[in-house]
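**Student:** Dropping a structure here in structure tokens format, bear with me for questions.
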Amino acid sequence: MMREAADDQLINDAFQRLLDSYLSSRHRKKVDIITKAFNFARQAHKGVRRLSGEPYIMHPIAVAQIACEEVGLGSTSICAALLHDVVEDTDYTTEDIENIFGPKIAQIVDGLTKISGGIFGEQASAQAENFKKLLLTMSEDIRVILIKICDRLHNMRTLESQPANKQYKIAGETLYIYAPLANRLGLNKVKTELENLSFQYEHPEEYANIKSKLALTEAKRHELFDEFTVPIEVELQKMGIHYEIKERVKSPYSIWSKMQNKHVSFEEIYDILAVRIIFTPNKREEEINECFNIYVAISKIYKSHPDRLRDWLSHPKANGYQALHVTLMSKQGRWIEVQIRSDRMNEVAEQGFAAHWKYKEGDDDEYTEDEAELNEWLRTIKEILDDPQPDAMDFLDAIKLNLFASEIFVFTPKGEIKTMPAGCTALDFAFSIHTFLGSHCIGAKVNHKLVPLSHKLQSGDQVEILTSKSQHVQPSWINFVSTAKAKAKIQAILRRNSREQQRKGEEMFDEFCKKNNIDNMQAAADKLTEFHESRNRDDFYQAVADKIILLGEKDLDELQGKDAGKKGWRKLMPFLGRDKKKKGGTPEQPELFVVPEKFNRKKPIFITDDNIMQYKFKHCCHPIPGDDVLGFIDGRHQIEIHKRACPVAAKLKASFGNRILDAKWDMHKKLYFDATIRIQGIDRVGMLLDISQIISSQMSVNIHRLTITSEDGMFDGSIELRVHDRDDVKDIMANLRKIEDLKDVTQIM
């Protein structure tokens, strides 16, 4: 009884907080229907608990709270959030919801139910299929995806109660799908939190390390911020502007990403601190002019960087983001980015499309504003859905191309403006106008000069597409287009062209099977598809027809099981044995571990000196002991080991989450692994001697190869090492950094 009373108190407090947030918002006050939805959901989920032990109803209340307070949605969305699990988890149907709450709420709940059905299901590619449903539903009502993102944010906040393999799957899927979606919809705060939570679960040590470094440098940052902003404040007060100046600190995930991509240390990242000026304009129509007035005023105080002015005022980003970014040189000799935006722009930057609706009059939660940008984006995605990729991973990739792209602006010959992703080519532009134009494109005129199809467009270019009826889509085109639409159309045309070849390959394979008395042709094709590492059966048939794969003895051995466990094992092992002086020099051929049917996927697998040969180490990320890793059960029920940050693993987590395993190292410095370190610096006498002394002083490490080139007094080189684990690499890099004139030390995968 006491527990029930405590639960009731917990639930009532959470709901009261939701009502308080709603009543303090700008929406019309429809408290009755929200209370009705709460009571209905509470009764429906009565007696059910989450993994964390709290009553289940706490989850829908938390999702509704996020939708209201952090995304700025109104009563329709709050009700749908409260009811979002009722149809899926209880005996109530969508019809029941419609009868009680009306068609609009029922439609959104139905959309949310369609998405979540089977998200943890056993079938392969469940996530990609759910993502397709999500995008199709989204074009009916954008609130479906906004609430789904709120749901995902709460799941990430309470991920602690899940087993580690589920954590990697959910965190990976969040980074791969939901964070980019939140970004595309302008939910900046939500996107940042999703990224940081994913990072925290996938790389706990790195996350803790960056957090502690941010805490240590906090006082210095505050000091820099105060000194930098004092003269700016004086100037803004003179101008009579109502303003607020905020300190923005780069998120741990952004810092880590930059460290990985640019191969720099935490100390070398210059833009951890940024300054945000948020002002209230005297007249709403004057806000763009006021941004520029502020820019002119502060650039008289500090020297601005000519290449780092970013103007998203006249042409906002596709997610609605508007601001003026300028980078200024502080008196301490540090470049500091200043973001200038009005209060309205700031709200749009934090809450995305939802914030636009707050500035519109009309019914609560109604969408009356111009959604041209969003609809254009949804239309592109619908085009991709209309021509579905045969492979779920391809589909996710195609969507991601659209989610991540930052924009440039190009003009048609008639002067119409077109928004295109940065890095796009003339051929991308052709396909964006019409498929016929793209498939018959022979070149383009950019700013009246003739350029090839692969020419990369810049913002402000005027582009005229040249076509010829004799031109047809070439396979090489796929290598230089970058937009999802162009890729999808080229692949669709190439697929049509290649079906003939695939049929021919299938006939050749059929003959091979008949000749060698192989009965189950489909099972044999699947086995050889994996053996030759083709992406799917059609690719395998095409390779047979193109004579890339010549069927012979090795294929027969594979089908008859003579090579089981042996194939390519040496290629898959990144380590080099215990002692190179042993007789024979070749370790025994390993038997790869095969996952049994009743295998406990919630428990971690431990990689030891003795069982390491039982796992597959793919070349995509080259993991060594000490790396954050995970396991993946492949089509043969064998286990691949990947770094958690590996791009291939990112796709696997998002598409085959139920096959992810938690993997841990239990190694004792018996085996050697390959690692490569890149070094750059100022050339001088004795440099090579200093480097080799550092490495030879590390007892457990051997130099395999040292390559150095010198030019104009600078040198660039790489050291290939045999190490026991990641700690060896870290120690050597730390010691190399102490050498005078050695300026840059980075690890190559």
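The values are calculated or read from the model by the stated rules, or taken from the named source; none is laboratory data. Just so it is clear, the structure is predicted and the values come from calculations on it, not from any experiment. Every residue, glycine among them, receives a Cβ derived from its backbone with ideal geometry; neighbour counts consider all protein chains shown. Protein only, heavy atoms only, side chains kept; ligands, DNA and RNA dropped before computing areas. Shrake-Rupley method; radii C 1.70, N 1.55, O 1.52, S 1.80 Å.
**Student:** Residues of segment 62-102 being more than 24 Å from S25 (Cβ to Cβ), not in a loop (DSSP other than H, G, I, E, B) and not β-branched (V, I, T), which ones?
**Tutor:** E88, D89, E95, D96, E98, N99
**Student:** Could I ask something else about it? Among the candidates A349, A355, single out the residue that is assigned to a helix (DSSP H, G or I), at pLDDT 60 or above, aliphatic (A, V, I, L, M) and under 27 Å from D311 (Cα atoms).
**Tutor:** A349
**Student:** Consider only pairs whose beta carbons are under 8 Å apart and that are at least six residues apart or on different chains; among these, list those whose first residue lies in segment 188-202 and is more than 15 Å from W256 (Cα to Cα) and whose second residue is part of a helix (DSSP H, G or I) and polar (S, T, N, Q).
**Tutor:** K189/Q351; K191/N183
**Student:** Okay, next question. Within segment 673-689, track down each residue that is outside any strand (DSSP E or B) and open to solvent by less than 50 Å² (accessible area, probe 1.4 Å).
**Tutor:** G686, M687
**Student:** Among the residues of segment 699-737, which ones are touching a helix residue (DSSP H, G or I) at 6+ places or on another chain (Cβ under 8 Å) and either more than 21 Å from G626 (Cα to Cα) or loosely packed, with under 15 Cβ neighbours inside 10 Å (or both)?
**Tutor:** Those that are touching a helix residue (DSSP H, G or I) at 6+ places or on another chain (Cβ under 8 Å) and either more than 21 Å from G626 (Cα to Cα) or loosely packed, with under 15 Cβ neighbours inside 10 Å (or both): S700, I703, L706, I708, F715.
**Student:** Also, I was wondering about something else. Give the residue that is modelled with the highest pLDDT, with candidates limited to residues of segment 265-281 that are under 22 Å from M329 (Cα atoms) and open to solvent by 40 Å² or more (accessible area, probe 1.4 Å).
**Tutor:** Among those residues, the one meeting the criterion is E267.
**Student:** A further question on this structure: Any idea which residue in segment 206-255 is farthest from the chain's Cα centre (by Cα), counting only those that are without any contact (Cβ under 8 Å) to a residue 40 or more places away in the chain and open to solvent by less than 40 Å² (accessible area, probe 1.4 Å)?
**Tutor:** Looking at residues that are without any contact (Cβ under 8 Å) to a residue 40 or more places away in the chain and open to solvent by less than 40 Å² (accessible area, probe 1.4 Å), I get I245.
**Student:** Between a first residue in segment 510-528 that is within 16 Å of L550 (Cβ to Cβ) and a second residue that is of a type in the set (D, E) and not in a helix (DSSP H, G or I), which pairs have beta carbons less than 9 Å apart while being 6 or more apart in sequence or on different chains?
**Tutor:** Correct list of pairs: C513/D519.
**Student:** Okay, moving on. Do we have V63 as under 21 Å from L19 (Cα atoms) and surrounded by 22 or more Cβ atoms within 10 Å (Cβ to Cβ) here?
**Tutor:** So V63 fits the description; yes.
**Student:** Do you know which residues across segment 1-23 are among the charged types (D, E, K, R) and either open to solvent by less than 90 Å² (accessible area, probe 1.4 Å) or more than 15 Å from A62 (Cα to Cα) (or both)?
**Tutor:** R3, E4, D7, D8, D13, D20 - these are the residues of segment 1-23 that are among the charged types (D, E, K, R) and either open to solvent by less than 90 Å² (accessible area, probe 1.4 Å) or more than 15 Å from A62 (Cα to Cα) (or both).
**Student:** Which one is nearest to the chain's Cα centre (by Cα) among residues in segment 709-748 that are in a strand (DSSP E or B) and free of Cβ contacts under 8 Å to residues at least 24 places away in the same chain?
**Tutor:** This residue is T709.
**Student:** Keeping to segment 41-61, report how many residues are of a type in the set (A, V, I, L, M, F, W, C) and part of a loop (DSSP other than H, G, I, E, B).
**Tutor:** Number of matching residues: 3.
**Student:** Taking the options Q522, Q542, name whichever one is outside any loop (DSSP other than H, G, I, E, B), surrounded by 13 or more Cβ atoms within 10 Å (Cβ to Cβ) and modelled with pLDDT of 80 or more.
**Tutor:** Just one listed residue meets the conditions, Q542.
**Student:** In segment 203-271, which helices (runs of 4 or more DSSP H) lie fully inside it and hold 1 or more residues that are farther than 27 Å from R726 by Cα and either hydrophobic (A, V, I, L, M, F, W, C) or touching a strand residue (DSSP E or B) at 6+ places or on another chain (Cβ under 6 Å) (or both)?
**Tutor:** 218-238
**Student:** I'd like to know if segment 157-166 contains one or more residues that are at pLDDT below 85, farther than 28 Å from T76 by Cβ and crowded, with 20+ Cβ neighbours inside 10 Å.
**Tutor:** Checking segment 157-166: not a single residue is at pLDDT below 85, farther than 28 Å from T76 by Cβ and crowded, with 20+ Cβ neighbours inside 10 Å.
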